[in-house]
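Note sheet for the following structure.
The values are calculated or read from the model by the stated rules, or taken from the named source; none is laboratory data. Please read all numbers here as calculations on a predicted model, not as lab measurements. Ideal geometry is used to build each Cβ from the backbone, glycine not excepted, and the neighbour counts take in all protein chains shown. In case anyone asks, the SASA skips ligands and DNA or RNA and just uses the protein heavy atoms, side chains included. Shrake-Rupley method; radii C 1.70, N 1.55, O 1.52, S 1.80 Å.
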Amino acid sequence: MQNKKLIKVNQQVIGRSFSSATSIVTSGLFSRQIAWRGLGATLLRDGLPHGVWFASYQYSKDYLSQIDGTSYPGKSSAFIPLFSGAFAAFAAWAVGYPFDVIKTRIQAAKEFNQSKSVAQATREILAESNGRPFAALYRGFWLKIAKAVPASAVNFYVYESVVESLRVIGD
């Protein structure tokens, strides 16, 4: 997955053609400076936020079930998993989005022989922020939220529906 993202960033940010970007990545598949560029930031972007995603979903689902007076899953409305999934996506991306910005900066470097660390890329982004670090680290955040919130809401709704269907079948 990491290599596909690197090809995408090469096309979008640097302006390389698909064949050029693919060739560069595949020719350096085992080179730390090319194919694995941004892996540390990718792990930070995906690791911690996934924990936040599931924990915030469960917290929201439990809290709303108590307010609603039901124990979800069951006869509760679709609102609980939909809202909880939306809340979970927002919370997860609020934590992980800065690492996505950092990862993209690392992967978008035009010079493949100059590998940046997460710390170097972060310092570079903050130096360019004109005293607005949150604006720099959350650039494009609302576009990500516009995609992630509905997707997460639907994912958790479908998950809970399937679990409930399997529970009924098992009884």
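Table for the structure above
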| item | result |
| --- | --- |
| Helices (runs of 4 or more DSSP H) fully within the range 84-171 counting 1 or more residues that are under 20 Å from K61 (Cβ atoms) and touching a Pro at 6+ places or on another chain (Cβ under 6 Å) | 141-170 |
| Any hit, the range 97-111, residues being open to solvent by 80 Å² or more (accessible area, probe 1.4 Å) and out of contact with any His (no Cβ under 6 Å at 6 or more places or on another chain) | yes |
| Residue selected from the range 134-161 under the condition of a type in the set (D, E, K, R) and within 25 Å of A78 (Cβ to Cβ), by the criterion least open to solvent (accessible area, probe 1.4 Å) | E160 |
